[in-house]
Amino acid sequence: MNQNFKTMVTRLGSHNPTSLSVPENIPITMSSVFAFDDVESLNKVYNGDAEGFIYSRMTNPVHEALKEVMFSIDEGEDALVFSSGMAAITSTLITHLHSGDHVLASHVLYGETYEFLKYQLKKFNIDVTFVDFSNDNWEQYFTPKTKLVYTETISNPMMAVDNLTEIANIAHDYHAKLVVDNTFATPIVCQPLNLGADIVVYSATKYLCGHGDVTGGIVVSNKETISAIDKVGTLYGGCISPFDAWILIRSLKTLELRMREHSNNALKLADFFEGHPKINKVYYPGLQSSPSFNPASSFFNNELYGGMLSVDLKGNDESYRTFIDNLEGIKFVPSLADVKTSVCSPAITSHRNLSDNELKQAGISKGLIRISTGLENIDDLISEFDKVLNLI
Ligand SMILES: *Cc1c(COP(=O)(O)O)cnc(C)c1O
């Protein structure tokens, strides 16, 4: 093998042919870095005087395309994309908080968000007070140091919906920003920025992807806030691969169709469970009997309530095991939002690290089963659930 071959292979294969037609879909730009013809071009791009890319941890053409889709469907001004929901959430929090600051957060949150707020922020001398936005007189907990209020559109796993407009107004009275995790709802069901939220965060791993094959995170807000989070996020380095960003763009094309079907199936399942003799209680904001129905129906879009519901089984402490172990087509999965229906037991998965007292406070019993409703035929789902319920 001669030297010429070695030189050749390093230089070939990156040529972009000029053509009268362009790809119908955005190409996956699998390049960690971008080359410049001369010094002046690099200076222009660094200074923001010309369009161009530098290094994919900062941004990449596929990231930009995904951002455009997300801020458009969420009606924000700009967006950021990350390698996971937790990267999006932690970058957002770290950007806005300094030593001595205070946060007001919902007492029921995604398990790892709760852990980050409760244990990691402590290291930076940041205090967090956990409150029940629907039932506490929570205004009393604001201090002059309260910078952020943090909640989820549909809480996990109790599927509670708080009045976001009211929370946003109160937060703003105290000059705090409202951050909303809109993972369970997606922009199809709810657009928190239109209700007064300042920042919306997502685990794109869930419905935005919807097929269980990508881990990702998104933040949507105004230009100024996004620029601030971008500077910090780049340092923490949670950048998504161009390939995964591309998959997300493809997934988002069917988001509306999927959310409609997830929601329609979930409402039918909730109705079925509500009338079932082996069920104590059903948690789904789309049920008229739910305390969340009023706030949800006043600001959710298209009369859709999402694909997530929880049910409290009758019987004893082992009922959840009988239920899960006897399902056949429906799998036990410690995540959600796939095209396939799945079940999980929050007490032994997402909320496993909570003490018995914390579980009780959050209303999470051993018999609580969380269901991520998929896109299957609803009669098949009902008949499989009915079969295992009759074993309890
Ligand atoms: C999954 C999830 C997260 C965390 O996202 P990852 O992509 O797993 O990092 C945050 N919030 C909610 C509501 C989630 O369901």
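The values are calculated or read from the model by the stated rules, or taken from the named source; none is laboratory data. Since the model is a prediction, treat every value here as computed from it, not as a measurement. Positions of Cβ are backbone-derived with ideal geometry, glycine not excepted, and every protein chain shown enters the neighbour counts. To get the accessible areas, we keep the full protein, side chains included, count just its heavy atoms, and leave off ligands, DNA and RNA. Shrake-Rupley method; radii C 1.70, N 1.55, O 1.52, S 1.80 Å.
The residues of segment 126-142 that are in contact with an Asp or Glu (Cβ under 8 Å, 6 or more places away or on another chain) and in a loop (DSSP other than H, G, I, E, B), listed by number, are I126, F133, S134. In the condition set (1) touching a Phe, Trp or Tyr at 6+ places or on another chain (Cβ under 8 Å); (2) closer than 30 Å to K366 by Cα; (3) within 16 Å of the ligand (Cβ to nearest atom), Y202 is compliant with all but (1). Taking segment 27-125 as the region of interest, the helices (runs of 4 or more DSSP H) fully inside it that hold 2 or more residues being more than 16 Å from the ligand (Cβ to nearest atom) and either open to solvent by 50 Å² or more (accessible area, probe 1.4 Å) or free of Cβ contacts under 8 Å to residues at least 12 places away in the same chain (or both) are 39-46, 61-73.
Against the condition surrounded by fewer than 19 Cβ atoms within 10 Å (Cβ to Cβ) and of a type in the set (A, V, I, L, M, F, W, C), how does F130 come out, does it pass? In short, no. Determine whether T165 is more than 16 Å from the ligand (Cβ to nearest atom) and assigned to a loop (DSSP other than H, G, I, E, B). No: the conditions fail for T165.
Residues that are away from the ligand (no atom under 12 Å from the Cβ) and more than 16 Å from the chain's Cα centre (by Cα) do occur in segment 214-223, at least one of them.
For segment 234-272, a residue qualifies if it is open to solvent by 40 Å² or more (accessible area, probe 1.4 Å), in a helix (DSSP H, G or I), closer than 25 Å to T29 by Cβ and more than 16 Å from the ligand (Cβ to nearest atom), and the qualifying residues are L235, F243, W246, R250.
Among all positions in segment 224-233, there is no residue which is surrounded by fewer than 22 Cβ atoms within 10 Å (Cβ to Cβ), part of a loop (DSSP other than H, G, I, E, B) and touching a strand residue (DSSP E or B) at 6+ places or on another chain (Cβ under 9 Å).
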